[in-house]
Amino acid sequence: MLKSREDLKNRRSLYAKALESQTAKILVCAGTGCVAGGSLEIFDTLKAMIETRDIPCSIELEEEDNGDSVGLKKSGCHGFCEIGPLVRIEPQGWLYVKVKQEDCEEIIDQTILKGEHIERLAYRKNGDICKKQDEIPFYKKQTRHVLQHCGQIDATSINEYLALGGYSGLEKALFDMTGDEIIDEISESGLRGRGGGGFPVGRKWGQVKKQTEPQKYVVCNGDEGDPGAFMDRSIMEGDPHSVLEGMMIAGLSCGADQGYLYVRAEYPLAVSRLQTAIEQATELGLLGEQILGTDFSFYLHINQGAGAFVCGEGSALTASIEGKRGMPRVKPPRTVENGLFNKPTVLNNVETFANIPLIIRNGNDWYRSIGSERSPGTKAFALTGNIVNTGLIEVPMGTTLREVIFDIGGGMRDGGTFKGVQIGGPSGGCLTEKDLDLPLGFDSLKEAGAMIGSGGLVVMDDKTCMVEVARFFMNFTQNESCGKCVPCREGTKRMLGILERIVSGLGEEGDIELLLELADTVSATSLCGLGKTAALPVISTIENFRSEYEAHIREKRCPAGACSKLKRIEIDPELCRGCSKCTKVCPVTAISGKIKEPFVIDQEKCIKCGACIPTCPFQAISEV
C-alpha cells in the first residue's frame, strides 16, 4: 500500500530498474484484432517453450527481476491490425507480423537465444524488409502520444505503467497544484474534447468546479458506437491506467470523489482490462480513501451499455448509468450543472482523459507545440475502406487528408482512384479530392461541411456509390434513433425511404430537393446530437456528387456500378455466336434466341445474378 508521495516514487524507481534489467522482452499483441487471430495461443505456446528450455521468464514485472530474465507480456493493440498477430521484440525493436503458433520455436531459438532476426516474419514493402516498427511506412508519419504505450508495454501491469512514469501526472496534480491550477493548465493547453464536439475541456471542468453542489461526478464515455471506430477500445485495452489517471485528475480539479466508466458490453476485453486496472490501483492505494496520504478520495465504477448509439450523447449516457432508458433530455440544464444523478458532472471520452496525464506531466507549452493553433495535440483515427493500409493511427492535428490517405494509408487498394472519405462516422460528412490538402482540425472540417466526430475515416474509391453510402449511414442512424423526438424518429425514416427508392431505381424528380428539405428540418429541430447531425452524410454527398443522384433518378443507372438493382446484364450481338450455353444456367429463363444468332436478355425477367457471364465462351455477356 502506497501511503505517501515518497512511497510512489520509490515504487516507480524500483520497477523502472526491474524493467530496464530484463535482457529481452517479447510483447505479444493482445488487442481484440490479434486475439481473434490467435495471439493468446501464441502467447501460451511461447510461455510453454520458454519454460521447457529452462529460460528465466517474467510474466508479471517483479521487483526481483535482476537482468537474467525474459519478459513475456500481453500488450495492447499496435494499430496495424491487418498484419497481425503481431509480436514485438525488445530491446531491438523488431516487429514480427502474421505470426503463427508454428513460428514460436524459431522465435525462441533464433531471436531470444541467438539474437538473430527472422526475415520471413518481417514486414515487407516493395521487396524491402522493415525490421523495426518505425521503419514501416504505416507508422513513419504517425505521432503516437496517447497511443504510445499501446503495443509497447504489458497492458495488464500497473507496475510496468509505474515504471514508465505512470501516475506522475496525478502525483504532480495532487501535491504541486490546486484545482484551479489544474484547470488553468488544461485550458491553456487548448485541449478540446476528442469525442466529436471539440468543446474546450478546461472550460467544461471549470464550469463543474464553480457549482456549489458538494457531490460531483466524473464520467468517461467509452461507448464508441460509430461503425468501424475502435480508438477508445484500443486505449482501454492497451493502456487502461492512463484513462484512470486522467479521470482522477479531473476529479481532483473540480472536487469530485466518484467516477463512472461507461463502456459498451461489446467490449469485454476492455471491460476486463479496466476492471483489473481498478483493482490494481485500489490495492496500491492509488484509488479509494485518502490517496497517498492526502485528503483526496476517489472511487471508480464500471457500467456496461447495451450498445445503443444514442447513449454516446451525454444526457442519454447518464440516464443509462442511472438505470433508466438511454434517451436524451431537453437542455439546459447542461450536464455540467445537472448530470449524473442530477449532480454536476464532468463528462469526456476515453481519448480525452488519456491526454490529461501527458499535459499535466509535460506542461501546456509542450502540448501546444503539437498540432495546429486552433486544434492542438494529436488525434487517433480508425482508417478503413478501399485503402492499402487499414488500422488505428495517431497524427498531429493539422495533418492533411493527403498525408493520412496516401503516406500512412498507402493509397488506394487494387489500383482504384480516390473518390471521397467519410469522416466522423454516421454524424460526419464526405470530403472529396478537392479537400485532400485540408488540415484535419475541429474548425477546418466544420467549415468544409464535415466533422472529426470520434475519429472514423472510411476511404472510398471510384467503385463506391455515394448514394448507397448515404443510405447506409442513414439506415444506421434511423435504427439507432431512440424515438423520443418526432423530427429524428420520423424525419430519418422518411429520408431513408427516399434513399432506398433511389438506389432501387424507383427515384423520382424532386427527391433530391425533398431530401435537402427534410435534412434541414431534422438538423434544426432534433433534440440531441444524433438527430442534429444525422443528415450530414446526405447533405455532403448531394453537394459533392449530385450527378450520381441524378443518374440514379433520371437514367436509372448507378455510375459506380454498385447498386445491384440498377445493374444491367447485356449480350453484345457482335460477340455472341448463338451457342445457347447461357440459357442453360439462367435460373429465370430470361435469355432467349435462335442457335447461331445473337441471343438477348429480357431485362424485366433478369435478376442480375450474373450466372451467365462466366458461362459464355466468347465473353459476349457483361454488366453495364
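The values are calculated or read from the model by the stated rules, or taken from the named source; none is laboratory data. These figures come from a predicted structure and were not determined experimentally. Cβ placement follows ideal geometry from the backbone for every residue including glycine, while neighbour counts extend to all protein chains displayed.
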If K584 meets every condition in (1) closer than 20 Å to G505 by Cβ; (2) surrounded by fewer than 17 Cβ atoms within 10 Å (Cβ to Cβ); (3) of a type in the set (D, E, K, R) apart from one, which number is that one?
(1)
Qualifying positions in the stretch 138-167 - of a type in the set (F, W, Y) and closer than 27 Å to M412 by Cα
F138, Y139
If you take the residues of the stretch 1-40 that are among the hydroxyl-bearing types (S, T, Y) and in contact (Cβ under 8 Å) with a residue 12 or more places away in the chain, which of them is nearest to C104 (Cα to Cα)?
S39
With the requirement that a residue be crowded, with 23+ Cβ neighbours inside 10 Å, closer than 16 Å to G363 by Cα and of a type in the set (D, E, K, R), what does the stretch 179-197 give you?
R192
Would you mention how many residues in the stretch 256-271 are surrounded by 15 or more Cβ atoms within 10 Å (Cβ to Cβ) and without any contact (Cβ under 8 Å) to a residue 40 or more places away in the chain?
1
Across the stretch 133-155, what is the number of residues that are basic (K, R) and either modelled with pLDDT under 95 or in contact with a helix residue (DSSP H, G or I) (Cβ under 6 Å, 6 or more places away or on another chain) (or both)?
2
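Tally time: how many residues in the stretch 449-471 are over 16 Å from A382 (Cβ atoms) and either crowded, with 17+ Cβ neighbours inside 10 Å or touching a Lys or Arg at 6+ places or on another chain (Cβ under 8 Å) (or both)? Full working, then the answer.
Within the stretch 449-471, the first condition is being over 16 Å from A382 (Cβ atoms), and the residues that meet it are 449, 461-471.
Those still in the list that are either crowded, with 17+ Cβ neighbours inside 10 Å or touching a Lys or Arg at 6+ places or on another chain (Cβ under 8 Å) (or both) too: 461-462, 464-471.
Total meeting the criteria: 10.
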What residue, of Y161, Y217, Y167, is in contact (Cβ under 8 Å) with a residue 40 or more places away in the chain and at positive phi?
Y167
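For the stretch 249-265, what are the residues that are small (G, A, S), assigned to a loop (DSSP other than H, G, I, E, B) and closer than 14 Å to K343 by Cβ?
Going through the stretch 249-265, the residues small (G, A, S) turn out to be 250-251, 253, 255-256, 259, 265.
Checking which are assigned to a loop (DSSP other than H, G, I, E, B) leaves us with 255-256, 265.
Once the filter is applied, which keeps residues that are small (G, A, S), assigned to a loop (DSSP other than H, G, I, E, B) and closer than 14 Å to K343 by Cβ, the stretch 249-265 yields G255, A256.
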By my count, helices (runs of 4 or more DSSP H) wholly in the stretch 457-569 with at least 1 residues that are basic (K, R) are 466-480, 486-503, 529-533, 536-554
